[in-house]
1. Over all pairs of distinct alpha carbons, what does the Kirkwood formula give as the hydrodynamic radius of the chain, in Å?
2. Tell me the mean residue ellipticity at 222 nm calculated for the chain from its helices only (DSSP H runs of n ≥ 4, each -39500 (n - 2.57), averaged over every residue, nearest 500).
3. Give the lysines whose C-alpha is closer than 22 Å to that of Lys62, dropping any in the same chain fewer than 8 places away, or say none.
4. Under 18 Å Cα to Cα from Lys146, which aspartates and glutamates show up? Leave out anything in the same chain fewer than 8 places away.
5. With charges set only on the Cβ (+1 for Lys and Arg, -1 for Asp and Glu), what does the dipole of the chain come to about its Cα centre, in debye to the nearest 20?
6. When a/c is below 1.5 the answer is rounded, else prolate if a/b is larger than b/c, else oblate, so apply that to the range 1-97 with a ≥ b ≥ c taken from the square roots of the Cα gyration tensor eigenvalues.
7. Counting Lys and Arg as +1 and Asp and Glu as -1, what is the net charge of the other residues whose Cβ lies under 12 Å from the Cβ of Lys235?
8. Checking the cross-link filter: which aspartates and glutamates have an alpha carbon closer than 15 Å to that of Lys230, excluding same-chain neighbours under 8 positions apart?
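Values quoted throughout were computed directly from the atomic coordinates according to the rules given, and no laboratory measurement underlies them. Fair warning: this is a prediction, and the values are worked out from it, not measured in the lab. So basically every Cβ, Gly included, is an ideal-geometry build from the backbone, and we count neighbours across all protein chains shown.
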Amino acid sequence: MSEVVLKAENLHYSYSKGHKVLKGITLEIHEGEKLIILGANGSGKSTFFLNINGVLKADEGKIYYKNKLINKSNLKELKRHVGIVFQDADNQIIASTVRAEVGFGPINLGFNRQEVIKRVNDSLNYMGISHLIDRPPHYLSGGEKKKVSIADIIAMEPEIIIFDEPTAFLDPQNKYIFEEHLKKMSFENRTLVISTHDLEFAFRWADRIVVFYDGMIIADADPISVFTDKEVLDKANLKKPILLEICEILKTKLILDTKTKPARNIDEFKHLFDLI
Ligand SMILES: Nc1ncnc2c1ncn2[C@@H]1O[C@H](COP(=O)(O)OP(=O)(O)OP(=O)(O)O)[C@@H](O)[C@H]1O
């Protein structure tokens with residue numbers, strides 16, 4: 001397996017006394033992996049993200065970035081290398097033009113004017129939205145805003161990009177476009193962590209799935225193992241993806257060999273029948 005970029009060790013966090021939201025989260029994130037975090041509303045996913053990018057400070061536990069223990073003196077490094085694309089772009093976007101919005105991060109990181117301009121242009125180009133550079137972000141469509149919020153993070157060139165429920169407000173066409181962007185980022189070996197309630201997407205996209213339940217991790221495995229673990233599915237209120245369900249039915253009907261590895265996307269599904 002690839003190198004560990006970030007390690008969270010036994011993280012505990014409470015917003016207020018007596019209400020523990022994280023109850024001992026230990027997790028390693030590997031370079032270039034496609035990691036999905038699942039879990040019911042309120043299970044602590046967003047709180048965990050804010051802890052591992054240094055916005056919130058854990059009550060207990062340690063964070064290592066590239067084997068270096070994070071403390072007050074190097075916290076900035078964590079903020080720089082772990083970028084979060086928030087669920088609601090309106091909560092993330094603050095500036096009055098797309099140019100100022102995307103330039104905000106690099107300016108904060110202390111880059112000179114020339115480098116800021118370069119990063120703004122490169123990241124808008126990367127997201128295919130250079131034409132929006134002078135527009136006020138708040139008047140863009142939901143899909144455009146989402147692209148701006150991703151460009152925001154890309155401009156800071158973080159090592160890990162976290163997407164907190166990225167497709168929540170997107171229509172099917174924009175969901176498709178978002179997935180295409182993810183493909184491009186994965187191809188470039190970026191480390192991507194996504195929390196989602198879209199189980200079909202999680203099943204077809206992830207290398208690895210971690211399941212949160214009441215501030216704890218109750219599963220950490222490959223998608224097929226997680227979605228065939230009835231105990232985990234029941235506990236975390238998750239459902240089997242339809243494709244997995246279909247493969248299992250075809251096995252019980254002996255249309256597919258019982259040892260066949262379930263398909264995780266339509267192409268894999270078609271290939272299952274090549275062997276028959
Ligand atoms: N700023 C805050 N102040 C107080 N409590 C908070 C705050 N943010 C979150 N919480 C509480 O912490 C718990 C975990 O919330 P969190 O947003 O981390 O869960 P989540 O798994 O990301 O949920 P969702 O799937 O709904 O986004 C919830 O009980 C929530 O009400």
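1. Values: mean 1/r = 0.0500 Å⁻¹.
Its Kirkwood hydrodynamic radius stands at 20.0 Å.
2. Values: 12 runs with 109 residues, N = 276.
Calculated mean residue ellipticity at 222 nm is -11000 deg cm²/dmol.
3. Lys7, Lys17, Lys20, Lys23, Lys45, Lys72, Lys76, Lys79
4. List returned: Asp88, Asp90, Glu101, Asp122, Asp134, Glu157, Asp164, Glu165, Asp171, Glu179, Glu180, Asp198.
5. Numbers: 38 positive and 39 negative charges, 103 e Å.
Computed about the Cα centre, the dipole is about 500 debye.
6. On the way: a/c = 1.32, a/b = 1.07, b/c = 1.23.
It is rounded, given that a/c, with a ≥ b ≥ c, falls under 1.5.
7. Working: positive: Lys230; negative: Asp214, Asp229, Glu231, Asp234.
Cβ neighbours under 12 Å give a net charge of -3.
8. Asp220, Asp222, Glu245, Glu248
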